[in-house]
Structures are given as C-alpha cells and as structure tokens.
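Quick notes on the structure that follows.
The values are calculated or read from the model by the stated rules, or taken from the named source; none is laboratory data. Every value quoted in this text rests on a predicted model; they were computed, and no experiment measured them. Cβ placement follows ideal geometry from the backbone for every residue including glycine, while neighbour counts extend to all protein chains displayed.
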Ligand SMILES: [Zn+2]
Ligand SMILES: [Zn+2]
C-alpha cells in the first residue's frame, strides 16, 4: 500500500504547475472581488511586510510570496489592468502586455514597490545600510465596553507619507538631476579670507539644491518637490477582550515615511474613555458606568431604606455586552450601608499576552475577574405625614414593649448587658 504522505506529494506535484501560473490575484492579497482601492492597499501593506525576504531569511516560499504579492498589487491597484484581469484573467493580461502597453502583471521590481510604501530602498533597517526613521506614538481612547468585548476598529492618523504622485522622487516627470554646484554632496566648501593671505575653509549647505544634492527641473505638483506629503492614513487594530489600558500595540513601519529611510514603528497606546452622558446613549448600559481596576469591575447600587432593611428586592444590571446580572435579596435579608457584594466571574475577561481570543467566544470557558457591588442606602428625608405618624406610633409601641428608654440610654458608661435590644 502506498503511504498517505506519498500520495499527498504526488497530488501536490500535479496541482502545482497549474496554480503556479494562475493563482488568483485577489486570493494572494486575501481580499474579495469587490475590494476597494483602500482594501487592496491595506492588504499589500500588511502582507508585503510579513513576507519580505529581509524578515524571512533563506525562506524561498516567503520570497516567492513577496513577489506574487507585489505582482497582484500592481495589477489590482491599476484600474485598467484590474478591469482586464476581472474580465479575461491572466491570459487577458498577457495579451495586454504583448500589445505593448506598459504596466500590469510582473516585470517591475517588487522592492521598488515596497519602497514606494515604506521608503528606504525596499529593505528593512538591518543590513544594507538603510536608516530607520523615528518611531511614533499615538493615544487611542476607547470606551470600557471595547475593552470588555474586544473589537476590530479602524482609526486614522496623520503622518508624513511618500508622495504617491511622484513615487518619492519629487519630480513631475520622474527625472532627478545631480546638482551641478555641489556635485550631489549637498555641501559646498567656501574659502573665507580672515587675514591677508590667510584663508579659512567653511562648509555650508549648498544653496542651489538646498543641501539635497539633487535638483529637479519640474517639481511634482502634488508635493511641490518635497517628495513627501502629510495626510491621513487608516489602520485597523484588534482590541482583544480584557486588554488593559496603557497596552501598547505596535504597527511596524507605520510611522512617518521618507524616501531616505525605512519608516519607523507606530505605537498605539490604549486609553480608557471616561463614561459620559449624551454620548452613544443608544448603546448605554449600566456597565458603561462600571469602574475598572485590573481584572475587576466596580459598581455602586442604591437601595431604599425599606429595601436595605426589609429585603425583598431585585435589580437587573445590564453588563457591558448587554447580558443581565441579577442582584436580589429575599424578604428579611438585610443589606448594611456600604456593604460590598462580590459577584464572581462578572469582572473583566482576563487577557493573556499571546493568547488570542476567539471572537465568538463562549462566555463560560473564559476566565473573568469579579464584579464588586457596593450598596448605598438612601434614607427618606420626606414622608407623607400619615406615614410619619404610623412609624412614630410603631416605634413608641415597640419601645415600650422592649423597655428601651432613650433618657436612660444616655447615662453612659453604665452598661447593662443582656436583655437590652437594639432600638429599631
Ligand atoms: Zn510628489
Ligand atoms: Zn547642490
């Protein structure tokens, strides 16, 4: 009998030649056919970093993937070639290329494309002598609910980006000339006479090219020859249930870009929003006003005198995700003011670094902190006069019966332990 893994190898070999030349561009980028230009860009940004050969040294399959990703991006990011690909597939693109028009599948250097996104000549900081740009930090404020349920969210930041129009050259037609004054060095040496016959050499920035070493005849109209523009960039972040405020999410190479360096990292620091009335009232629950301390949650519940004293009450607390936590006492169960009740397992989900939660998680299998409910008792300061009379009469009756006399009670420190009962 032929071993199973052998069969597997044969079948893979049979399939390989087909898939090699016809792998779907949308599949390569992990997007569907209706993907927007932005979706395609984002997929490229993420995947090209992941499979960059610098990050996967010696891994041939990653290298191939990196090239495929670049090819897929080039085709799908250009409206004309995407249209051809959608209608006629790979063969259509082949014919299009043979027809002489440039652009589209393959042929372009995948590292060039990478550098158009991240700068630095298409490689990461280590090796190759490319500098890495400064890291950036931004604060992202979220309501407590998002820390409880977890959430995928999009946010935008404004940052310096390589100009797409001139692809970071700064030139409208793509031609950049070496400055003829400084010879491309960006600096010039000037001689100053400090005394007759004595000269001092002073190094200054070349005024012709502004120290860049290059000159551009027709500057790019979008970036005005600056090679970079400041604009908003949208990123998506995954907040895992139970992440703590102050958590730092690192987005590699998403800081300011420049053709001169590899973009540094963007660090997103999570902060917790103060709950506020009038904001997202539609999704407000009691939980919106929970206070969080680590893995535990805190809540203040108000009871009337009757409830605290006589019991027989129920409260339905709506938690952050809308589920209900019931608090209740039977008749005769007393709650002292400022008493704290521990409701086990109703705190925050416990998040562990590296442990990814399943998004449609089962509540029972997760670990949670506790919910601490502190009771505040409100005494009535106004009563109907009839009610006041009734209570007064009641106290009088029971005071007489138990023999409690307020006048005598004042005579401290005479203590007669035993039969004396609390006054109600
Ligand atoms: Zn430009
Ligand atoms: Zn110059």
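Can you pull out the residues in segment 303-333 that are loosely packed, with under 11 Cβ neighbours inside 10 Å and farther than 19 Å from residue 283 by Cα?
Matches in segment 303-333: 314, 326, 330, 331, 332.
Considering (1) modelled with pLDDT of 90 or more; (2) more than 16 Å from ligand 1 (Cβ to nearest atom); (3) within 23 Å of residue 119 (Cβ to Cβ), say which one residue 224 fails and leave the rest.
(2)
Considering every residue within segment 210-217, establish whether at least one is under 30 Å from residue 37 (Cβ atoms), within 16 Å of ligand 1 (Cβ to nearest atom) and either free of Cβ contacts under 8 Å to residues at least 24 places away in the same chain or exposed (fewer than 12 other Cβ atoms within 10 Å of the Cβ) (or both).
No, the conditions are met nowhere in segment 210-217.
Among the residues of segment 258-265, is any within 16 Å of ligand 1 (Cβ to nearest atom), touching a residue at least 40 places away in the same chain (Cβ under 8 Å) and out of contact with any strand residue (DSSP E or B) (no Cβ under 8 Å at 6 or more places or on another chain)?
Yes, segment 258-265 contains a residue that is within 16 Å of ligand 1 (Cβ to nearest atom), touching a residue at least 40 places away in the same chain (Cβ under 8 Å) and out of contact with any strand residue (DSSP E or B) (no Cβ under 8 Å at 6 or more places or on another chain).
Out of 187, 194, which single residue is in contact with a strand residue (DSSP E or B) (Cβ under 6 Å, 6 or more places away or on another chain) and surrounded by 10 or more Cβ atoms within 10 Å (Cβ to Cβ)?
187
On the basis of being farther than 30 Å from residue 299 by Cα, at pLDDT below 90 and within 16 Å of ligand 2 (Cβ to nearest atom), does residue 181 make the cut?
yes
Mind listing just one residue for me: the one in segment 227-247 that is under 12 Å from the mean Cα position of the chain (by Cα) and either part of a strand (DSSP E or B) or modelled with pLDDT under 90 (or both) and, of those, nearest to ligand 1 (Cβ to nearest atom)?
The selected residue is 234.
Being within 16 Å of ligand 1 (Cβ to nearest atom), out of contact with any helix residue (DSSP H, G or I) (no Cβ under 9 Å at 6 or more places or on another chain) and in a loop (DSSP other than H, G, I, E, B) is the filter here; which residues of segment 165-192 pass it?
Across segment 165-192, the qualifying residues are 165, 166, 169, 170, 172, 173, 174, 175, 176.
Answer with yes or no whether residue 255 is in contact (Cβ under 8 Å) with a residue 40 or more places away in the chain, away from ligand 2 (no atom under 16 Å from the Cβ) and assigned to a loop (DSSP other than H, G, I, E, B).
Criteria met by residue 255.
So residue 201 fits all but one of (1) away from ligand 2 (no atom under 16 Å from the Cβ); (2) crowded, with 17+ Cβ neighbours inside 10 Å; (3) assigned to a strand (DSSP E or B); what number is the exception?
Here residue 201 meets the rest and fails (2).
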